[in-house]
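For reference, the structure discussed in these notes is given below.
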Amino acid sequence: MKKLSWLLLLYGLPAKGNTARVGLWRKLKRYGAVPLRASAYVLPDRPEHYERFQWLATEIKESGGEATLIRVAEIEAMNDEQIIQMFNEARAAEYKEVSEACQAAITDRKGMDQAELTVEFGKHRRRFQEIKEVDYFRSPAADDAQMILQRFEKMLNPKGRTAKQPRLAAKDFQGRTWLTRPQPGIDRAGSAWLIRKFIDPKAKFVFGSEPLEHPKALPFDMADVEFSHHGDDCTFETLVKRFGIADRAVLKMAEMVHDADLEDEKFQRTECIGINAVLAGWQKTGLSDGELLARGVDCFEGLYNHLRK
């Protein structure tokens, strides 16, 4: 990866400058800056960011404070990957707020009329776009939020739902490379297990956020791709339907994955919520995407064998 440079804004405000402090915080948040410590913020070194920090430095000084703008190639004790992770974690938390708000609206839709739901959807879509504009390093959480927004939109416009898709034959999908997003969770891990078990036994899995960067791979559980969330279905359910998998244990697992992933209690199944929590815990240990997926696949293999008995 090309070595990056960064812009640091160091500042100090008078103790009584609460109004200035709140205003500064709101602007830094709107620009997508992340804090290094209490009075230092960082942005990628881009002309528009330099201009923004210059204006903020001027405002701070006019408020009786002190401000210094620095361009640096390195930040002590941190490499570029660690700084990028800080940005992605900040955006992930913001995307999660959108996802949770959309899920709450979908779950409580019977308590709102169409007009209220439409206003709610518009609010969350605008917030998603605001976050995306400052998502400088393409946080993997963007796809989660985008998919639940698409689900919300289809719920509002049921006549616009995609027509029933034709069945696919597993024999046409052998020895393929399959692409999914980093940090696999319950739906991606379950779908990978399903692909290997019932569709493509020699499947290889790669990770990324942009299907165009992997033109020969089959993307799944990503926004705007064939094998993903459609209508009320999670990706696992989409694959089961598209490939006509009728195994009884798999059909039960599809319900479990749906409830753990979409959290709408549609089937009242709780079995995969534990697996989802375990995967979330492993994500925090620094395991690679491949290791996370492999462990998730093992969990699903165990669940499948349990259900078959």
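Quick look at the values:
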quantity: Of the criteria (1) under 23 Å from residue 182 (Cα atoms); (2) open to solvent by 20 Å² or more (accessible area, probe 1.4 Å), which one residue 239 fails; calculated: (2)
quantity: Candidates 122, 111, filtered to the one that is over 17 Å from the mean Cα position of the chain (by Cα) and open to solvent by less than 60 Å² (accessible area, probe 1.4 Å); calculated: 122
quantity: Scan of the range 179-232 for residues that are acidic (Asp, Glu), surrounded by fewer than 17 Cβ atoms within 10 Å (Cβ to Cβ) and either closer than 17 Å to residue 140 by Cβ or modelled with pLDDT of 95 or more (or both), ordered by number; calculated: 210, 213, 224
quantity: Residue selected from the range 257-290 under the condition over 30 Å from residue 108 (Cβ atoms) and in contact with a helix residue (DSSP H, G or I) (Cβ under 8 Å, 6 or more places away or on another chain), by the criterion most open to solvent (accessible area, probe 1.4 Å); calculated: 282
quantity: Subset of the range 8-57 (residues that are of a type in the set (Lys, Arg) and over 22 Å from residue 127 (Cα atoms)); calculated: 16, 21, 37, 46
quantity: Tally of residues being free of Cβ contacts under 8 Å to residues at least 24 places away in the same chain and assigned to a helix (DSSP H, G or I) across the range 296-309; calculated: 4
quantity: Any hit, the range 61-71, residues being open to solvent by less than 20 Å² (accessible area, probe 1.4 Å) and either in a helix (DSSP H, G or I) or under 27 Å from residue 286 (Cα atoms) (or both); calculated: no
quantity: Qualifying positions in the range 58-84 - at pLDDT 90 or above and closer than 13 Å to residue 42 by Cα; calculated: 68, 69, 70, 71, 72, 73, 80, 82, 83, 84
quantity: Selected residue (criterion: modelled with the lowest pLDDT) from residues of the range 142-178 that are in contact with a helix residue (DSSP H, G or I) (Cβ under 7 Å, 6 or more places away or on another chain) and farther than 22 Å from residue 109 by Cβ; calculated: 165
quantity: Entirely in the range 73-164, the helices (runs of 4 or more DSSP H) that have 3 or more residues that are over 30 Å from residue 3 (Cα atoms) and charged (D, E, K, R); calculated: 114-133, 141-156
quantity: Pair list, Cβ under 7 Å, 6 or more apart: the range 183-199 residue farther than 11 Å from residue 235 by Cβ, other residue among the polar types (S, T, N, Q) and in a helix (DSSP H, G or I); calculated: 183/283
quantity: Matching residues, the range 47-60, being surrounded by 15 or more Cβ atoms within 10 Å (Cβ to Cβ) and more than 18 Å from residue 73 (Cα to Cα); calculated: 52, 56, 57, 59, 60
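The values are calculated or read from the model by the stated rules, or taken from the named source; none is laboratory data. These numbers come from a predicted model, not from an experiment. Cβ coordinates were reconstructed from backbone atoms using ideal geometry, including for glycine residues, and neighbour counts include every protein chain displayed. Heavy atoms of the whole protein, side chains included, go into the accessibility calculation; ligands, DNA and RNA do not. Shrake-Rupley method; radii C 1.70, N 1.55, O 1.52, S 1.80 Å.
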